[in-house]
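Notes to accompany the following structure.
The values are calculated or read from the model by the stated rules, or taken from the named source; none is laboratory data. None of the values given here were measured: they were computed from a predicted structure. Here the Cβ is made from the backbone with ideal geometry for all residues, glycine too, and neighbour counts use every protein chain on show. Areas reflect the complete protein model, heavy atoms only, side chains present, ligands, DNA and RNA absent. Shrake-Rupley method; radii C 1.70, N 1.55, O 1.52, S 1.80 Å.
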Amino acid sequence: MTTPNHYAVGQLWACKGRHADEQPTLLINRIDQHPLGGGNIYHVTLDALKIRHPGLPGGYMTELEHAPVTDQTLQRSELRFIGLREPNPAYEKGYAQWRQAFDEGVAGSFGVSTPTILEIVERRLNDTPLDQP
């Protein structure tokens, strides 16, 4: 399968995880232009995760339905093109919440690699400070 030369809605990518038990995929659900000329904001679903979450049965979250990311995230995440899929409609709720917060100036987007995003999410869910090992 040929790797596309640009990112588009519906593309499914394998991406770098934090460890061997975590081999995530990244699905592009929507692409917005940053209103201040900051490039694209990709609204993605990350799946096949293993994020510790004490509030869930089994103690792990396997899907992050919505994450707003930039070109830098895609460039830093060792993407391998898998194919095309329909956007995941589950992202829409998270997108709506993010959009409202973004318009109010209190939300942004990730520009770090997928492993770093997953680490940030896991630390926040488990009340672990970001500056601790």
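Summary of values
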quantity	calculated
Between the stretch 50-129 and the stretch 1-45, the Cα center-to-center distance that results, in Å	11 Å
Pairwise FRET efficiency - VAL112 versus LEU56, Cβ, R0 = 25 Å, nearest 0.05	0.55
Average Cα contact separation per residue, the stretch 11-58, under 8 Å, 6 or more apart, as relative contact order %	32 percent
HIS19 versus GLU63: modelled label distance in nm, points set 7 Å from Cα along the beta carbon direction	2.4 nm
Probe 1.4 Å, accessible area per residue of the chain, Å²	57 Å²
Using θ = phi - 60° and Karplus 6.51 cos²θ - 1.76 cosθ + 1.60, couplings along the stretch 47-58 (whole Hz; Gly, Pro as x)	10, 6, 9, 9, 9, 4, 8, x, x, 10, x, x
Simple label model, 7 Å out from Cα along Cβ direction - LEU36 to THR128, nm	3.1 nm
Theoretical gain in end-to-end length, TYR7 to ARG80 [0.36 nm per residue, Cα-Cα removed]	25.1 nm
Amide H within-cut-off set for GLY39, under 5 Å, with H built and near neighbours excluded	HIS34
Estimated [θ] at 222 nm from DSSP helical runs (n ≥ 4, -39500 (n - 2.57)) normalised by residues in the chain, nearest 500	-7000 deg cm²/dmol
Full-extension gain in nm, ALA96 to ASP71, via 0.36 nm per residue minus C-alpha separation	6.9 nm
Stokes-Einstein D in µm²/s, Kirkwood radius over Cα pairs - the chain at 10 °C with 1.306 mPa s viscosity	104 µm²/s
